[in-house]
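Working notes for the structure below.
Please treat every number below as a calculation from the coordinates, not as lab data. All values derive from a computational prediction rather than experimental measurement. All Cβ positions, even for glycine, are placed from backbone atoms using ideal geometry, and neighbour counts span all protein chains on display.
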Amino acid sequence: MHFDLTDDQKEIKRVARELLAARSSWARVREAAEGGARYDDALWRELCELGWPGIAVGEEHGGQGLGAVELAVLLEELGYACAASPFLSTAAAAAAIEACGSGAQRARWLPALASGETTAGIGTRALCADGVGAAVLVLLERPSGEAMLVSGAECAPLATIDPTRRYATVSGGDAEPLGDGGGAGARAAADRVRAAVAAEVVGVAQRALEMTLAYVKERRQFGVPVGAFQAVQNRCAQMLLDTESARSTALFAAWAADAAPERLPEAAALAAAAAADGGRAVTASAIQAHGGIGFTWEADVHWLYKRAQLDAALLGGARQHRARLAALAAGRVAASA
Amino acid sequence: MHFDLTDDQKEIKRVARELLAARSSWARVREAAEGGARYDDALWRELCELGWPGIAVGEEHGGQGLGAVELAVLLEELGYACAASPFLSTAAAAAAIEACGSGAQRARWLPALASGETTAGIGTRALCADGVGAAVLVLLERPSGEAMLVSGAECAPLATIDPTRRYATVSGGDAEPLGDGGGAGARAAADRVRAAVAAEVVGVAQRALEMTLAYVKERRQFGVPVGAFQAVQNRCAQMLLDTESARSTALFAAWAADAAPERLPEAAALAAAAAADGGRAVTASAIQAHGGIGFTWEADVHWLYKRAQLDAALLGGARQHRARLAALAAGRVAASA
Amino acid sequence: MDLTFDARETAFRDELRAWLAANPPGTPPHGDEDAHYAWRRDWQRRLAEGGWAAVHWPAEHGGRGATLTQSAIFYEELAAAGAPLPANVLGLLLAGPTIMTWGTQEQKERHLVPILTAEEIWCQGFSEPDAGSDLAAVKTRAVKDGDEWVITGQKVWTSMAQYAKWCMLVARTDPDAPKKHQGLTYFLMDMEQDGVEVVPLKQITGESEFNELFLDGARVPDANVLGGVGNGWKVALTTLMNERSGLAFFLQVRMRQLLDQLVGEASARGLLDDPVVADKLGELHLRCEVLRLTAYRGLTAIETYGQPGPEGSLTKWMWSDTNQALTQLAADLLGPEALTDGAPWAFELLRARGNSIEGGTTEVLKNIVAERVLGLPRLK
Amino acid sequence: MDLTFDARETAFRDELRAWLAANPPGTPPHGDEDAHYAWRRDWQRRLAEGGWAAVHWPAEHGGRGATLTQSAIFYEELAAAGAPLPANVLGLLLAGPTIMTWGTQEQKERHLVPILTAEEIWCQGFSEPDAGSDLAAVKTRAVKDGDEWVITGQKVWTSMAQYAKWCMLVARTDPDAPKKHQGLTYFLMDMEQDGVEVVPLKQITGESEFNELFLDGARVPDANVLGGVGNGWKVALTTLMNERSGLAFFLQVRMRQLLDQLVGEASARGLLDDPVVADKLGELHLRCEVLRLTAYRGLTAIETYGQPGPEGSLTKWMWSDTNQALTQLAADLLGPEALTDGAPWAFELLRARGNSIEGGTTEVLKNIVAERVLGLPRLK
């Protein structure tokens, strides 16, 4: 039992944190967002040079041959930076195709995705992240819980409240279940995509928490730092609790994806439920703790709030995952009775 | 528009507060509760001498000829005292029969109820307050929302966590809809009973709040009164908000019962939803704010918590009332569309 | 206890309704903030012509001497008719009454009519970057120079400053006063001068309701001191304590309309049969009604006991919580379309985050409730 | 990252499971608290005989030198087997390790074995009526008299005092010490003497887990000072900081069992098809899992970085919140039968109110999180 990143994983995290601090500052994110959700092309090129879109793709397809935990580590850092890039969708789609795709699907899509030559979109037809310009989409079809692989679709740009990312609505295209004929594999693919989104949310929440802590330690009112007020302290404590809850479940889901696939359905539901609600709560709290400043465009915490709202939508909301968890619990209880 | 008690109603409130402070101290409540939910007979005699069980019963049946608001005023004070007496059920049943009963029902039950010669029970077959020894029961049958008048039933004592009141389970008996053949009248009777329970909860919450305020102003820790800590202050502020929400809706329901019957269904649902959740939250908060002391039998706040739990059960929980409110809102929106 | 309107109140409401029916506010112009504000300004002019701009003002100043309940009715009806708040809302609710209380005859004659007609818009210069909610910490300085005062400093969160002719400005005239709330003076400052710079503060919605105000040698003549030099704390309290409960009714009706709209959209999607949705909508309905009832209880309390009490803190807190829950539920129920840039629900979702900050943060409101309503001790 | 048990951990678990299977704890005696405690005492004797009473103690003192993960496994398995906590839990978790750290050779030889076998039960005399969570405010006095100390004062919340032979007692030996946390001394006090009176403190459940301890001339020989006169603050910190994470695992498994039971009862009533019920059960399931995962993350952190960290405050807070929500939901779903006096669910509902008070109130835990984890400043 060792519930922490390995030294190698910590090193990936450190490198990502440093790189993104240098290359994807708030000024850069803002520039991309204010330009109408343009992506930071220089950043994307750099991420591709590092091979990160293919972090969880096998070496035979030009990937790094690492796993879902390493992907989660990167996604947390990209979320932390609120980076304007198609990384989430491309890397998550690649990881899902790698783990669950048929041989033909892997051969067709992985090389170009791993190199970042082409990008992917993830989501639903009503809301697809990074869909515009994507070569392939991994869409989560709600009723069956199976992920569909869609190519040749029409992706109409959808301007959302989160201009740090491009979104689209999807119509048409050729759709097939991800994997050999759908079923468990296609459901696992969907769970992997959700686990990836949840990992991003952890970073978003972590950043919101850190910005808030820095602010309330600095900002003074009535002669003392506002962080000394118990109401502010309790708010920050709750933010920590929500962030750590999202982190524990997101790491569990990433670990289960590779190491204990039979636990993935539950782990992914846990991660999705915790991230969808927690991300919104933490980032809303960050705005509140910043007071009037937090409500301004200049303060940057709002990018995190907006990203958390869209990520929650990509996850389909917490509720369906809680329902799934209740059903799983009921099944277990019934089985042991 | 005058949303406050009249001078006469305030006088009733003052008299009740003073009388109960003298006659139904915590020592007396405790004595009754520890004796196995025995009632305080001396108190009951005194309440009867004042004619309070018949406060909302017409003078032709020996009542005071006042209305639902005056009843609510008394119930709030009885709840505030957490008095061990069959007042709630008897007075609420009498008020419901007076307002909604058929001529025969009124003639049969009101004189003895108004004088306190006999008592009534209210609730359901699974949980009936004051059922043991009651001559008549007003039972709220869930599906139709109609109140039933039941006599000659078997009431088996049910020891609950609230020993300040006697509860029973009910079987058998002659049941008839309250009023002429049920329908709107019998539903209004049920709403009146719920409004009465909600009024009691307001008093329970008010007492819990006042005990808490007194305690946190007095009790010192780390050299200051604990009431100076923002976390405690915020807790108390929330208690006030919940108490006042329950009070606003309970008063509205009591007023609507007599003055605007067409608004009673909604008003009663508002009052029941606010009281069921608010009463439990406020009294639980009172225990917490008292710290370790609050968790002891000696501290008396627990009587209020237990009463609030049972009152919530008598109200059938907040959820069904929220559902009713949603349906009412939807109906109104549809009608105006 | 009587929760119906009495004859006078009903007559007031009916007269207003008839006037609103004959003078519909029309639909707001889309998109452009300036056009929207011009619409509100025009709307106030029409209100003033009809004698409806300042119902709570005494008749001698062009009002109707409305009771609090009538004021509440006014704002409820305004909102129900889809009308906007009058453009000069700060002038009507804050500057006007403060000038009536503390102003000289000249000041009253000079200022009240243009407030009423929206000819001269007012803004409020209280908050400062490092003072926040703490008026005693005001740093903006006013230094005497002949029969004028020279003002230097910075104000924030000044809504409508971009349209304002006048500013209710609190500045420090005696930095050596023994206590910090002493040595403040309340000025009526002309915004149209060099030395006053208005910089819009863009919000997370993309709009700019608020501004920063940079004062660098702005000048105010002695005649525009309100309530006497060094008396600013007291005068400002009049402004702060002024009865704004009518506004609360306006906001409540708006929230109720928003909820009704959500119920309608949920119904159109067949979502009302979903018990979880019904549970949440029922809870929001409850909270809206609690707000309305509690606000009316507050009105009665004020009418009975005089001064406005601190109950407003309770309703403001409830309102912002509820509006945030409501707009978040809309996003949950309506999905991506409620998160689309420029969609009304998306705007409401973002705008609602400001509710618990503007006009007193929820944290400050809870403190006020704890200390002033519950009498809990202050730390230290 | 590896969320499976390694070979050593698996072996430990399997050995324990085998032992538990061969030595089932049996069913607890109903009703009588003394009988229940006797059952727990007997259970600890059996654990001790099997070498399982104090797995986290070093082998030289009769333990197994278990790692934190093994300790966690121990408590998880104990709870899963329906076993109670060992009777002498405070001796095993607090007194023993504190004596190992600070005790003389004689003290270790005298006390450790009877702790292990539950022959001598221990209680903890830290809290006082006016001191609460504030150890520096301890008022109980110890005055030197020859080679003895004479103790006068009052302690509260001393669980198991009615069964205890020994008390970990913190008393003030130097009232003139310049700082309040100086001048404290940690005593091993014999409870079986005149001058020690134990008064049960009845809880809102009707049970008496806790006691008040009245000390009126109780005597402690010099030899029973632990860690030196005047060093009580430091010694007490050892007790307070001692690793109790294993206990958290026990409580979590208990809560999971309670939730499973509720899911079963809800299912039997056909309530799982109700989306509102499913939503709430799903949320509780999530919280239980978050607790389990976060606790394991905490263990890894401790194993990696040494000292136990303040994460325990976070899990304790989550646990009490969740247990309160769970027991309240049970009352909502099961109706009156969950509110019947003596019904297990009714007991759980009432008992859960203590969760956010005992062992550090949630308010204090949040402060600890804010100051020690988040590094937020203290007021003053």
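Note the distances from D:Glu197 to each other copy's matching label point, with points 7 Å along the Cα-to-beta-carbon direction, in nm, sorted shortest first.
Sorted ascending, the copy-to-copy spacings read 7.7 nm.
In nm, one decimal, shortest first: how far is the label point of A:Ala22 (7 Å from Cα along Cα to beta carbon) from the matching points in the other copies?
8.5
Using alpha-carbon pairs under 8 Å, 6+ residues apart, how would you state the relative contact order of the stretch B:174-301 in percent? Please report the intermediate quantities before stating the final value.
Values: 147 pairs, mean separation 40.5, N = 128.
The value is 32 percent.
Taking a ≥ b ≥ c as the square roots of the eigenvalues of the Cα gyration tensor of the stretch C:152-196, is the shape rounded (a/c under 1.5), prolate (a/b larger than b/c) or oblate? Kindly include the intermediate steps, with their values, before the conclusion.
Values: a/c = 2.63, a/b = 2.26, b/c = 1.16.
Prolate.
With just the Cα atoms defining each centre, how far is the stretch C:288-347 from the stretch C:6-71? Give it in Å.
Comparing the Cα centres of the stretch C:288-347 and the stretch C:6-71, I get a distance of 22 Å.
Would you compute, for the Cα atoms of the stretch D:47-105, the largest minus smallest coordinate along each principal axis and list the three values in descending order, in whole Å?
Dimensions of the stretch D:47-105 along the principal axes of its Cα atoms: 37, 21, 20 Å.
May I have the pair-distance distribution P(r) for the stretch D:319-380, computed from all Cα-Cα distances with 10 Å bins from 0 and rounded to whole percent?
With 10 Å bins starting at 0, P(r) equals 22, 35, 22, 14, 6, 0.
Would you compute the Debye intensity of the stretch B:54-172 from its alpha-carbon atoms alone, equal scatterers and no solvent, and pass along log10 I(q)/I(0) at q = 0.16 Å⁻¹ to two decimals?
Computed log10 I(q)/I(0) values: -0.71.
Among A:Ala134, A:Ala94, A:Ala189, which one moves the most in a GNM of chain A with springs linking Cα atoms closer than 10 Å?
Of A:Ala134, A:Ala94, A:Ala189, the most mobile in the Gaussian network model is A:Ala134.
Using Cα pairs under 8 angstrom and six or more residues apart, how large is the relative contact order of chain C, in percent?
Numbers: 577 pairs, mean separation 46.1, N = 380.
For chain C, the relative contact order is 12 percent.
Hand me the GluC sites (Glu not before Pro) from the stretch C:140-206 located in a DSSP loop with no more than 15 other Cβ atoms within 10 Å, in residue order please. Write down the numbers at each step before the final one.
Details: sites: C:Glu148, C:Glu192, C:Glu197; in loops: C:Glu192.
Those that pass, being in a loop and sparsely packed, are C:Glu192.
Taking Rh as the Kirkwood radius computed over C-alpha pairs, what is the Stokes-Einstein D of the stretch B:171-272 at 25 °C in a medium of viscosity 0.890 mPa s, expressed in µm² per second? Don't skip to the end; give the middle numbers.
Details: Rh = 15.9 Å.
It diffuses with D of about 154 µm²/s by this estimate.
From the gyration tensor of the Cα coordinates in the stretch C:145-297, what semi-axes in whole Å does the equivalent ellipsoid have, largest first, with each one equal to sqrt(5λ)? Don't skip to the end; give the middle numbers.
Values: eigenvalues 407, 75, 29 Å².
After scaling each eigenvalue by five and taking roots: 45, 19, 12 Å.
How large is Rg/Rh for the stretch C:247-373, to two decimals, with Cα atoms and a Kirkwood Rh? Don't skip to the answer; put the middle values down first.
Details: Rg = 16.0 Å, Rh = 15.6 Å.
That ratio equals 1.03.
Using only alpha-carbon positions, what ratio does the radius of gyration of the stretch D:86-198 give when scaled by 2.2 N^0.38 Å? Show your work: numbers first, answer last.
Numbers: Rg = 14.0 Å, N = 113, 2.2 N^0.38 = 13.3 Å.
For the stretch D:86-198, the normalised Cα radius of gyration is 1.05.
Separation between the D:Glu109 and C:Lys202 pseudo-spin-labels, each 7 Å from Cα along Cα→Cβ, expressed in nm?
In this crude spin-label approximation the distance works out to 8.0 nm.
Along each of its three principal axes, how wide is the spread of alpha-carbon positions in the protein assembly as shown, in whole angstrom units, largest first?
The Cα atoms of the protein assembly as shown stretch 95, 91, 72 Å along their principal axes.
Which distance in nm do the two modelled labels at C:His181 and B:Asp7 give, with both placed 7 Å along the Cα-to-Cβ direction?
Each label point lies 7 Å from its Cα, and together they span 3.6 nm.
Given 0.36 nm per residue, what is the gain on full extension from D:Ala35 to D:Asp194 after removing their alpha carbon distance, in nm?
On the way: separation 159, 0.36 × 159 = 57.24 nm, distance 2.57 nm.
Stretched out fully, the D:Ala35 to D:Asp194 stretch lengthens by 54.7 nm.
Based on the mean of other beta carbon atoms within 10 Å per residue, what is the order of B:277-285, A:193-201, C:135-143, most packed first?
Packing proxy ranking, top to bottom: A:193-201, B:277-285, C:135-143.
Over 32 Å between C-alpha atoms is what I'm after, so list which of D:Lys179/D:Lys366; D:Lys108/D:Lys144; B:Lys306/D:Lys155; B:Lys217/D:Lys144; C:Lys179/D:Lys180; B:Lys13/C:Lys366 land there.
Values: D:Lys179/D:Lys366 26 Å; D:Lys108/D:Lys144 24 Å; B:Lys306/D:Lys155 28 Å; B:Lys217/D:Lys144 38 Å; C:Lys179/D:Lys180 35 Å; B:Lys13/C:Lys366 29 Å.
Cα-Cα > 32 Å for B:Lys217/D:Lys144; C:Lys179/D:Lys180; rest within.
Which chain B residue comes nearest the axis with its C-beta when you rotate B onto A, and by how many angstrom?
Per the Cβ-to-axis criterion, the result reads B:Gln230, 2.
Out of every Cα pair in the stretch C:1-78, what percent are spaced more than 17 Å from each other?
Numbers: 1532 of 3003 pairs.
So the pairs more than 17 Å apart make up 51 percent of the total in the stretch C:1-78.
Any lysines with Cα under 19 Å of the B:Lys10 Cα? List them, leaving off those in the same chain fewer than 8 positions away.
By straight Cα distance, B:Lys10 reaches no lysines at all.
Given C-alpha coordinates of chain D, what is the ratio Rg to Rh with the Kirkwood estimate of Rh?
On the way: Rg = 21.5 Å, Rh = 22.2 Å.
Computed over Cα atoms, the ratio is 0.97.
Would you work out which of A:Ala326, A:Val193, A:Leu213 lies farthest towards the positive end of the dipole of the stretch A:190-336, given +1 charges on the beta-carbon of Lys and Arg and -1 on that of Asp and Glu, about the Cα centre?
Towards the positive end, the residue furthest out is A:Ala326.
So what's the gap between the Cα centers of the stretch A:78-145 and the stretch B:64-123, to the nearest angstrom?
68
Can you list, shortest first in nanometers, how far D:Ala136 lies from the same residue in the other copies, with each label 7 Å from Cα toward Cβ?
2.6
Relative contact order of the stretch D:122-230: what whole-number percent is it, with Cα pairs under 8 angstrom and at least 6 residues apart? Could the numbers behind the result be given before it?
Details: 265 pairs, mean separation 32.6, N = 109.
Here the relative contact order equals 30 percent.
With only alpha-carbon pairs counted, each pair once and no self-pairs, how large is the Kirkwood hydrodynamic radius of chain B in angstroms? Show your work: numbers first, answer last.
Numbers: mean 1/r = 0.0504 Å⁻¹.
After inverting the mean inverse Cα-Cα distance, the result is 19.9 Å.
Which of D:Leu333, A:Leu149, B:Leu241 comes first, and how do the rest follow, when ranked by fewest Cβ neighbours within 10 Å? Kindly include the intermediate steps, with their values, before the conclusion.
Values: D:Leu333 19, A:Leu149 27, B:Leu241 22.
Least crowded to most crowded, the residues run D:Leu333, B:Leu241, A:Leu149.
Roughly how large, in nm² to one decimal, is the mean projection of the convex hull of the alpha-carbon atoms in the stretch B:139-182? Mind dumping the intermediate values first?
Numbers: hull surface 15.5 nm².
Across all orientations, the stretch B:139-182 yields a mean hull projection of 3.9 nm².
Please report the Cα spread of the stretch B:239-327 along all three principal axes, rounded to whole Å, starting with the longest.
Projected onto its principal axes, the Cα set of the stretch B:239-327 covers 47, 22, 18 Å.
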